[in-house]
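The values are calculated or read from the model by the stated rules, or taken from the named source; none is laboratory data. Computed from a predicted structure; not experimentally measured. Here the Cβ is made from the backbone with ideal geometry for all residues, glycine too, and neighbour counts use every protein chain on show. Note: accessible area is taken over every heavy atom of the protein model, side chains too, but ligands, DNA and RNA are not part of it. Shrake-Rupley method; radii C 1.70, N 1.55, O 1.52, S 1.80 Å.
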Amino acid sequence: MVRARLHQRLDQAVDRPVTLVAAPPGAGKTMLLAAWLDAREHSGSAAAAWVSLDRDAVALPGLWARLVAALGPGTLRGAAPATPERVAERLLSAAEAKPGRAPLVVVLDDLQDADGPVLAAVLATLVRRPSRLRLVLSTRHDPDLPLHRLRVSGELAELRGADLAFTAPEAAQLLAGHDVHLAEEDLGQLVARTEGWAAGLRLAALSLAGHPDPGALVADFAGDDRAIVGFLIEEVLSRQPPDVRELLLRTSVVDRVSGPLADALTGATGGHDTLAALVRANAFVVPVDRHNRWFRYHGLFAELLRSQLACRGAEAVAEQHRRAAAWYAEAERPADAVRHAARGGDWDLAESVLAEHWIELRLDGAGATLDQVVGQLSADALERRPHVALVAAARSLDEGDGERAAALMRTAAGQRAGLSGRRRALLTRDLSLLRLERARRGGDAAAGLRERAVAAAITCDDAHRDRVARALAHLELGRLQAAAGDATAEGELRRAAELAQQAGAAPVEHAAGAERAWLCAQDGRLRQATLAADALLDRRGEGCEPALTPAHLARALAAAESGNTLLAASELDRAAHASIAGGALPDRLTALGLLLVRSRLLAADDHEGAVAVLAALDLLLDDWVPPAAARMHARAAHARLLTRTAAAAATLRSDVAAAEDDDELAQQAPLAVALARAELAAGDPAGALLRARAVVDRADVAGCDAVAALAVAAAAAEVQQERHAAAELTERALELAEPEGLRLGLADTTPGLDPVFAHLLRFGTSHRSLIGEVQELAASGSAGAATADVMPLRDELSERELAVLRYLPTMLTAGEIAAELFVTVNTVKSHLKSIYRKLDARGRRDAVRRARELGLVAPGRLTDPGDRG
């Protein structure tokens, strides 16, 4: 039916970016919007897209599938986006690419059924960006959007429950569609009793049709739940033919039903035609897609049907769940299959589905479904169901309970002998995968690497699932090998990413990419680490999930080494949040990584911070011996932290001696540099110089390790009054640091290098700007939090402008900067003018402040350049 007043409201509403149709169940939201779209199409208005949402759309793949189905693959081309933000960008691009000037109207129906962080992130991105997209949100409750701000800015139109309530003329029109005509008094009474509630009016219309005394029935009609339920039983369900009634009862066990599924649940045929007829009769059956292939029942009606089915006994209900499980298993919908199999007590089917699909279910975020299934079995029952026990072990690992996971894995392994063929092979494979994961989470490289043969041994008759399992095995091996310092680690991680990409297992591919970025950062390959982390996080958005923690750590460490402490602190904070996003504490290797980066961000005079990080590090290492490479980095951090705590010389010497107990580790560059710095702080410049020179002389040491070693050697030489050697070593350090912008290794050694810097500045150096930046960084104090409200650049700075910008925090005049860069003064002034415009700065001091906010120069105090040129 046409509700002209509301159609007019909607026509006016879509001039605004967001239209919210929010009302209780049964208020007629879907009916109104469907009729409005039909009217628009018949009037020649631009077509709109209808997206019916449900619980499957809570996750990103389900939401994307609904959008593609609604807008068409020709509109949303390409592979599914990896993040909610990318989904939003694709929608915005589709709206802008639409021919003509009319906006693209997208109706999102039953928004509340897809409520969750994925949809919230999509909507938040969409409403922030002006575009030709017009959102119409139909929901039972308000979405997670800044509605107040949208109201104030005039970007929101709203239709609420009171707006959707039927007036008497509208109710009369609805009833006439069922060939029901009431006297004015009776009509007014019915509208008052139902308060214009669309579902109640439709119930009344079905009851009144053909009734000999409609006035009397209206007088008896009530809007309370019991009356409506009684009405549904007596006046709706009982009026259906027996075969239709049977279909409704038997299909009530599923949330959504299609024709083929209805046939499987009833053992009959013609299910689709029956459902479509019920839709046309407004009998509380609602299509959930525009092709009328899938349907759902009105919530109250579905509850009534389930209660009626339950009256037949528990076995009758279980039988329907078993039939649903079998259909879903055949249709390759494992989450639905295993859920209904468990509800129907068909544990053979449940275990069979889990044996084949538990990995993909876990990767797809179906943890709640897995918990529901395994939670229904007692410990005794788990002993008879090895693959269900194995899934329970995996969920225990997800929750951080390694001991329970180990016990469940032993339970599963104890039943392996009773299996045969494929099921035994799958259990053997999956046990090895979980052992690898448990070893990695516990930081036990030796235990994990004993399973290294698992990746090569994974073969079954399903190439896709082979690749996913092998990708997981290579990922866990790569993580452990990286922690152990095994040179083959990066190759394992590359192989994991390749296999995951081939199998379409995005979570594994992203995890492998994040681990590679972190490995590069720890090895001192900062540019490579930054590129890898940026490529991953740009694709994933600002994702906050445990698998992305290493990518944020890589960014943080690279930023710290380059002196960008604001960015480093921000990324470290993101890493910390991501590490606990799953609800469990981070594993040991991740916890160590967080502490390692934190130790690099401490200022030289931050004694309290150093004490706190040192205590956390000692606590972590109290009952854990990390793998070799991780142990080396941990000892380096320990020595570095002791120098920050102003520890007594005896304590520092003791720590150096303890670290030297493992001679092989002590030769590793990061630890050797940290020990040299500790010896220098303990008053042993000769020992520091000897150890640091040994690092400098090694051909395999480069990047930040080489810069730090040269800096410590220079400071030690200066203490021994070897000014010429100190100057030579410092110049070499500056020369190595300049191309990569490495500042932290030099800043760590100031003020010990300050006399050498002064000497170089007086007698000549080609690194004046870098010296200024290092001194600024050393004087800047501990890392601050990144500013959330930094205004973005108007335009990107060119390479030449960035080169000039780096000199602005120094005392150099425009002429001196020109001499440093071998250009004319006028060229420098031209670049300065452009820099001020792009940074929206009033002068040199303001430009330096803005550049620091944006991470374009190292944070620190401005050495009062004023506005000198």
Only one of Val87, Val106 that is more than 22 Å from Leu536 (Cβ to Cβ) and open to solvent by less than 20 Å² (accessible area, probe 1.4 Å):
Val106
For the range 681-729: of the residues being open to solvent by 20 Å² or more (accessible area, probe 1.4 Å) and β-branched (Val, Ile, Thr), which is nearest to the chain's Cα centre (by Cα)?
Val701
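Could you go through the range 59-74 and let me know if any residue there is more than 28 Å from Ala302 (Cα to Cα) and touching a residue at least 24 places away in the same chain (Cβ under 8 Å). Steps first, answer last, please.
Of all residues in the range 59-74, those more than 28 Å from Ala302 (Cα to Cα) come to 68, 71-74.
Imposing the further condition that a residue be touching a residue at least 24 places away in the same chain (Cβ under 8 Å) reduces the set to 71.
Yes, because at least one residue in the range 59-74 is more than 28 Å from Ala302 (Cα to Cα) and touching a residue at least 24 places away in the same chain (Cβ under 8 Å).
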Could you figure out which of (1) surrounded by fewer than 24 Cβ atoms within 10 Å (Cβ to Cβ); (2) under 22 Å from Leu519 (Cβ atoms); (3) not aromatic (Phe, Trp, Tyr) isn't true of Ala575?
(1)
Among Leu602, Leu585, Leu567, Leu531, the single one that is surrounded by fewer than 19 Cβ atoms within 10 Å (Cβ to Cβ), more than 27 Å from Gly400 (Cβ to Cβ) and hydrophobic (A, V, I, L, M, F, W, C) is Leu531
Selection within the range 826-843 - of a type in the set (Lys, Arg) and at pLDDT below 85:
Arg842
Which listed residue is buried (at least 22 other Cβ atoms within 10 Å of the Cβ) and of a type in the set (Lys, Arg), from Arg516, Arg494
Arg516
Output the residue which, of all residues in the range 188-235 that are at pLDDT 70 or above and assigned to a loop (DSSP other than H, G, I, E, B), is most open to solvent (accessible area, probe 1.4 Å).
Glu195
Selection count, the range 814-832, where residues are open to solvent by 40 Å² or more (accessible area, probe 1.4 Å), closer than 18 Å to Ser766 by Cα and not acidic (Asp, Glu):
4
Could you list, in sequence order, all residues of the range 130-160 that are in contact (Cβ under 8 Å) with a residue 40 or more places away in the chain, on the phi < 0 side of the Ramachandran plot and over 27 Å from the mean Cα position of the chain (by Cα)?
Glu155, Leu156, Ala157, Glu158, Leu159, Arg160
Report, by residue number, each residue of the range 26-54 that is out of contact with any strand residue (DSSP E or B) (no Cβ under 7 Å at 6 or more places or on another chain) and closer than 12 Å to Asp109 by Cα.
Gly28, Met31, Leu32, Ala34, Asp54
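One line per residue, one yes/no per condition, for (1) on the phi < 0 side of the Ramachandran plot; (2) buried (at least 20 other Cβ atoms within 10 Å of the Cβ):
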position: Arg333; (1), (2): yes, no
position: Gly345; (1), (2): no, no
position: Val353; (1), (2): yes, yes
position: Trp358; (1), (2): yes, yes
position: Leu363; (1), (2): yes, no
position: Gly367; (1), (2): yes, no
position: Asp371; (1), (2): yes, no
position: Ser378; (1), (2): yes, no
position: Ala381; (1), (2): yes, no
Enumeration of residues in the range 55-77 that are open to solvent by 20 Å² or more (accessible area, probe 1.4 Å) and over 21 Å from Arg132 (Cα atoms):
Arg55, Asp56, Val58, Ala59, Leu60, Pro61, Ala65
Would you confirm whether any residue within the range 269-289 is in a helix (DSSP H, G or I), open to solvent by 10 Å² or more (accessible area, probe 1.4 Å) and in contact with a Lys or Arg (Cβ under 9 Å, 6 or more places away or on another chain)?
yes
